[in-house]
1. Taking the residues in segment 93-134 that are surrounded by 14 or more Cβ atoms within 10 Å (Cβ to Cβ) and among the basic types (K, R) as candidates, determine which candidate is farthest from A64 (Cα to Cα).
2. Take the residues in segment 77-134 that are part of a loop (DSSP other than H, G, I, E, B), of a type in the set (A, V, I, L, M, F, W, C) and touching a residue at least 40 places away in the same chain (Cβ under 8 Å), then tell me which one is farthest from T62 (Cα to Cα).
Amino acid sequence: MTDNPPPFGVLGSPTLVILAVGPADRPDSLPAITLYLPAVDPGRLNTAGPAQPAAAGAPASTDAGKKVFQLCAACHGQQGEGGAGANLQLSKRDLAGVIAYVKTPTGTMPKLYPSPLSGADVANVAAYVMTLRK
């Protein structure tokens, strides 16, 4: 048995995401932020598992994507309506664009691929995000 800690993230223990916005040259001026997220039972996250890329041509699962989206909802809102993160309901990106952005984000979005999200998780959550469009 090893003393390695369990994985942290949407596929492991509960995740806490903290974002702060302010001038990069004055980090001491950033406000204190406390964010409480409900614990997520890892058994409820029935995804393809960590670090396994989606098989070529395999269809993405919106059900699995909805479960992974629990991590995203902290910033993007439960229905993708936005908040600290962008409003995903109004996004103009196609499926390939959403997948590419999640894998290589810019701005304030945290990098979640390849850990804690696998390639299959990214494909699934992108497929789910497409269902949120208005």
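Derivation of every value follows stated rules applied to the coordinates shown; laboratory data play no part. For clarity, every value in this text was computed on a predicted model and none was experimentally measured. Here the Cβ is made from the backbone with ideal geometry for all residues, glycine too, and neighbour counts use every protein chain on show.
1. So the first thing to find is which residues in segment 93-134 are surrounded by 14 or more Cβ atoms within 10 Å (Cβ to Cβ), and the list is 93, 98-103, 109, 112-130, 132.
Then keep just the ones that are among the basic types (K, R); that gives 93, 103.
Working: R93: 20, K103: 17 Å.
Applying the filter and picking the extreme gives R93.
2. In the first step, residues of segment 77-134 are kept if they are part of a loop (DSSP other than H, G, I, E, B); the result is 77-87, 91-94, 104-118, 132-134.
Next cut, of a type in the set (A, V, I, L, M, F, W, C) only: 84, 86, 109, 112, 117, 132.
If we keep only those that are touching a residue at least 40 places away in the same chain (Cβ under 8 Å) too, we end up with 84, 112, 117, 132.
Details: A84: 23, L112: 18, L117: 15, L132: 11 Å.
Checking each candidate, the answer is A84.
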